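Visitor: Here it is: the structure, laid out below.
Only the coordinates and a few stated rules stand behind these numbers; no lab work does. Source: prediction; values computed, not measured. Reconstructed Cβ throughout: ideal geometry from the backbone, glycine too, with neighbour counts over all protein chains shown.
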Amino acid sequence: MNKRTAILHANCQGRPLAARLLASTEFARNFSPRVYLNYTREEIPEAEISACGLFLYQFLGPEWGGLSSAALLSRLPADCVSLCIPNMFFRGPWPLWSGAPGFDYRDVLLDQLLDMGLPRRDILHVYLSTPLARKFDLDALLAETVARETERQSHTPVRYLDFVLEHWRKRPLFLSVNHPGPELLQLAAAGILRQLGLAPPAPELLPEAGALGEGYADFELPVHPQAAAFYGLTYGGDGSAFNVYGKARIAAQYAAAYVDCRLAGENDFISYLHLV
């Protein structure tokens, strides 16, 4: 049987998701996946579009122009099957995360304290000791990320948010705000296969839990111990260590590295974390 091209137009979740789809013998027999990164605006060659038998895409609105979902769907062959897939994001354990540009893994409170010009020692003391619930409406921040994810999920028939809300306090489901872990990736892959009417993979064919690909699983965003306590998490409490590019770091050590990097005038926090 000739395999048809399956295009995954997705963010960093695309490659580990493709690996889990390929664990389905039926999927692997019928399709050869190609992953194109949407957030880098990677162009999909016309030859790939013409050969596409399955188009799996994370929804992108009209502001993406020629790479918007509507624009790409209009270019597909008439017999191509298309399916909008999850684009999972959850700020729950990290209420202080910010997507502001200019620095990796922005933290709202650390940035506020740094911008005040406080000494390093005072910044870290306030960050780790000030009751977060007095300074931030943590319930509202959780409701905000749930609302955002509800809107994201509305574009795909593959459901995952109820699972996240049921289990995120019991165990870490995300490595960082936009990197779902193996359990969620497998949930999404199973949902996609179900929507396509394809057989799920045999358990022994699934990738190892840590096999998420270089640049994906080598960073766990540390959880502030007060956030862990407020939300009743079973992880992230005082002394909990996280994998930060191969080094085990607790939240206090990670915060210290963040402050030192910014005080040094460096913007590439990822490279800094690899070095220190």
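Visitor: Taking the number of other C-beta atoms within 10 Å as the exposure measure, put T156, T145 in order starting with the fewest.
Guide: Numbers: T156 21, T145 17.
Fewest-to-most ranking of T156, T145: T145, T156.
Visitor: When a/c is below 1.5 the answer is rounded, else prolate if a/b is larger than b/c, else oblate, so apply that to the chain with a ≥ b ≥ c taken from the square roots of the Cα gyration tensor eigenvalues.
Guide: Working: a/c = 2.13, a/b = 1.89, b/c = 1.12.
In terms of gyration-tensor shape, prolate.
Visitor: Provide the per-residue ³J(HN,Hα) series for segment 239-249, in order, calculated from phi with Karplus coefficients 6.51, -1.76, 1.60 and θ = phi - 60°, each as a whole number of Hz, with x at glycine and proline positions.
Guide: Residue by residue, segment 239-249 yields x, 5, 9, 10, 7, 10, 6, x, 10, 7, 10 Hz.
Visitor: Working from Cα positions, state the angle (0 to 90°, nearest 10) between the long axis of helix 251-263 and the longest principal axis of the chain.
Guide: Helix 251-263 sits at roughly 80 degrees to that axis.
Visitor: Then there is this: Would you please classify the overall shape of segment 1-85 from the alpha carbon gyration tensor, given that a ≥ b ≥ c denote the square roots of the eigenvalues, rounded means a/c under 1.5, and beyond that prolate means a/b larger than b/c while oblate covers the rest? Write out the running numbers ahead of the final one.
Guide: Working: a/c = 2.08, a/b = 1.37, b/c = 1.52.
Verdict is oblate for segment 1-85.
Visitor: Size of the dipole of segment 23-96 about the Cα centre, Lys and Arg at +1 and Asp and Glu at -1 on the beta carbon, nothing else charged, in debye to 20?
Guide: Working: 5 positive and 7 negative charges, 46 e Å.
Magnitude of the dipole: close to 220 debye.
Visitor: Would you list Y272, Y160 from fewest to most Cβ contacts within 10 Å? Provide the component values of the computation, followed by the final result.
Guide: Working: Y272 18, Y160 21.
So the ranking, lowest neighbour count to highest, is Y272, Y160.
Visitor: Taking Cα pairs under 8 Å and at least six residues apart, what relative contact order does segment 1-85 come out at, in percent? Please report the intermediate quantities before stating the final value.
Guide: Working: 137 pairs, mean separation 27.5, N = 85.
Dividing the mean separation by the residue count of segment 1-85 yields 32 percent.
Visitor: Mind putting a number on the dipole of the chain about its Cα centre? Charges go on the C-beta only, +1 for Lys and Arg and -1 for Asp and Glu, and I need it in Debye to the nearest 20.
Guide: For this selection, approximately 380 debye.
Visitor: Then there's this: Tell me which of A257, G53, F219 sits at the most positive position along the dipole axis of the chain, charges placed on C-beta atoms (Lys, Arg +1; Asp, Glu -1).
Guide: G53
Visitor: Taking 35 Å as R0, compute the FRET efficiency from the Cβ-Cβ separation of R169 and F269 and round it to 0.05.
Guide: Numbers: r = 28 Å, r/R0 = 0.80.
It comes to 0.80.
Visitor: A further question on this structure: With +1 assigned to the C-beta of every Lys and Arg and -1 to the C-beta of every Asp and Glu, and no other charges, what is the dipole magnitude of segment 1-145 about the Cα centre in debye, to the nearest 20?
Guide: Details: 14 positive and 15 negative charges, 90 e Å.
Dipole size: approximately 440 debye.
Visitor: Give the angle, between 0 and 90 degrees and rounded to the nearest 10, that separates the Cα long axis of helix 182-196 from the longest principal axis of the Cα atoms of the chain.
Guide: 30 degrees
Visitor: Could you tell me which residue out of N30, Y235, L96 lies farthest along the dipole of the chain toward its positive end? Charges go on the beta carbon: Lys and Arg +1, Asp and Glu -1, centred on the Cα centre.
Guide: Working it through, the farthest residue towards the positive pole turns out to be N30.
Visitor: Sort V259, V108 so the one with the fewest other Cβ atoms within 10 Å of its own Cβ comes first.
Guide: Details: V259 20, V108 15.
In increasing order of surrounding Cβ atoms, one gets V108, V259.
Visitor: Considering only DSSP states other than H, G, I, E and B, which chymotrypsin sites (Phe, Trp or Tyr not before Pro) in segment 1-69 qualify as loop sites with at most 16 other Cβ atoms within 10 Å? Spell out each step's value before the answer.
Guide: On the way: sites: F27, F31, Y36, Y39, F55, Y57, F59, W64; in loops: Y39, F59.
Hits after loop and neighbour filter: Y39.
Visitor: Note the angle between two axes, namely the Cα long axis of helix 138-153 and the longest principal axis of the Cα atoms of the chain, as a number of degrees from 0 to 90, rounded to the nearest 10.
Guide: Here the helix axis deviates by roughly 10 degrees.
Visitor: Could you work out how much longer the chain between R41 and D218 gets when fully extended? Use 0.36 nm per residue separation minus the Cα distance between them, nm to one decimal.
Guide: Full-extension gain reported as 61.3 nm.
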